[in-house]
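The values are calculated or read from the model by the stated rules, or taken from the named source; none is laboratory data. If you're wondering where the values come from, they're calculated on a predicted model, not measured in any experiment. We place every Cβ from the backbone using ideal geometry, glycine too, and count neighbours over all the protein chains shown. Accessible surface areas use protein heavy atoms only, side chains included; no ligands, DNA or RNA. Shrake-Rupley method; radii C 1.70, N 1.55, O 1.52, S 1.80 Å.
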Amino acid sequence: MDAIQAPIVAVVGDLIRQNPGTISLGQGVVHYGPPLAAMDVAREALANPDTHAYQDGSGNRALIGAIEDKLLRDNGIDCRSALRVMVTAGGNMAFVHAILAITHPGDEVILPVPFYFNHEMAIQMADCTAVLVRTDDRYQLDIDALRRAVTPRTRAIVTVTPNNPTGAVFPEAALREVNQLCSERGLFHISDEVYEYFTYGDATHVSPGSFAEASTHTISLFSLSKAYGFAGWRIGYMVYPERLHEAIAKVQDTVLVCPPVISQIAAVAAMEVGPAYCRQHLRALAEVRDLVMAELRSLEPLCTVPPADGAFYCFVRVNADIDAMRTAERLVREHRVAVIPGHAFGVADGCYFRVAYGALQKETVAEGVGRLVAGLRALLEESRKLEVKS
């Protein structure tokens, strides 16, 4: 455990608390809460004694049914084809379940870089090795590099699309190639789709689990945290091949026993409202995204901001030889704005930052990104002057 990175959101959170008035462009959450219908049924459920008792370890049957209907409708995944669904306490838990179920100590799991930091942490906790494979300069998958990274110890390739931390959306052709590679080499394709509804412009989300023959080797992970403002309710779910059920059920029973009952009751109501709930917020979020991208691109060529057509992140590359963590600390202390440094996402050779814009209203984001742009300009100018002197 000592070798695993500290949770970076908590580290930056401590900095924010030490510097009141800081605007956080750090944590990846949305600015809205659950549908009213979900909160109403949760209140009603408090009077039912069953709400306070253990229930089915895999999940409430009503919620499993709602998930199966949604998977067929929105993702093209038919759970009648030798697949199982398990409800978990968030998407992170689903990922941990998958890793513990498919690996032996010493195995390898391939992560395209930049990666979602909790994925690397989970792999290391399972006494496995995260094999890091760089993406291209637009943060798109390099299929040849992924193929070269496969060894006899490889157990899975992980994809996250729409992507955290970059906002990139992987096209169907690339996901098909990854899925085919996994099929050919006897690997699992772990597909993290937490941001499935968050796409902009012409970008579209595709679920690898919908591909022909994918059901034998594809593990799909989802969450209500973003789409339904459910972050604190801790409801995620995973879809996996039937042959993994015994192992995953063991992990679920040991770690969780059963998913939080009142959260599941609320989740059923949220899913009855459906993805329209998320989509009604997307227009405002798209406007915020456009503002953020325009402001950050005003820094070019000091910084580079590749396309970010999904989720609510962009991953900024600073074209200067400065330390990302030290710069992040100075941005908080001197400019009252917080971002997450790129080393947390596996990018150590250069200065990168994840900028998250989903948690705040447009006016607050505008102020925050304005502070970020001004702060980076000032720090980069200071760095340039020091270089000239030396």
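For the reader, a short list of remarks on this structure follows.
- Excluding ligands, DNA and RNA, the accessible surface per residue across the chain is 42 Å² with a 1.4 Å probe.
- For ILE23, residues with placed amide H under 5 Å, excluding near neighbours: VAL337, ALA338
- The stretch 340-352 - phi-based ³J(HN,Hα) in whole Hz, Karplus 6.51/-1.76/1.60, Gly and Pro as x: 9, x, x, 4, 5, 9, x, 9, 9, 9, x, 10, 10
- Take 188-197, 114-123, 6-15 and order them by the average number of nearby Cβ atoms within 10 Å per residue, most first; the result is 188-197, 114-123, 6-15.
- Averaging Cα coordinates gives a centre for the stretch 230-250 and one for the stretch 277-341; these two points are 32 Å apart.
- Crossing angle, helix 61-70 versus the chain [Cα axis fit, 0-90 degrees, rounded to tens]: 60
- Rounded Å value of the spacing that divides the Cα centres of the stretch 58-91 and the stretch 178-201: 17
- Folded to 0 to 90 degrees: helix 276-297 orientation relative to the chain principal axis, Cα: 20
- The stretch 1-150, relative contact order in percent, only Cα pairs under 8 angstrom and at least six apart counted: 16
- Over the chain, relative contact order from alpha-carbon pairs under 8 Å, at least 6 apart, %: 25
- Using alpha-carbon coordinates, inclination of helix 172-185 to the longest axis of the chain, degrees: 60
- Contact order normalised by residue count of the stretch 145-213, Cα under 8 Å, 6+ apart, percent: 39
- Global size of the stretch 186-234 as Cα Rg and Dmax, reported in angstrom: 12.9, 37
- When you count the other C-beta atoms within 10 angstrom of each residue and take the mean per peptide, 307-316, 99-108 line up highest first as 307-316, 99-108.
- Using the rule -39500 (n - 2.57) for each DSSP H run of four or more residues, divided by the residues of the chain, the 222 nm mean residue ellipticity is -13000 deg cm²/dmol.
- The listed peptides 320-328, 90-98, ordered by packing as a protection proxy, come out as 90-98, 320-328 (highest mean of other Cβ atoms within 10 Å first).
- Residues whose amide H lies under 5 Å from that of TYR237, counting only those 5 or more places away or on a different chain, are THR88, PHE222, SER223; hydrogens are built 1.01 Å from N in the peptide plane.
- Long-range HN-HN contacts of GLU108 with modeled amide H, under 5 Å: THR129, THR154, ARG155
- Portion, in percent, of the accessible area of the stretch 197-326 that falls on carbon or sulfur, probe 1.4 Å: 50
- Positive minus negative residues near ALA42 (Lys, Arg vs Asp, Glu; Cβ under 14 Å): -2
- Residues ARG61, ARG84, ARG185 ordered from highest to lowest accessible area at a 1.4 Å probe: ARG61, ARG185, ARG84.
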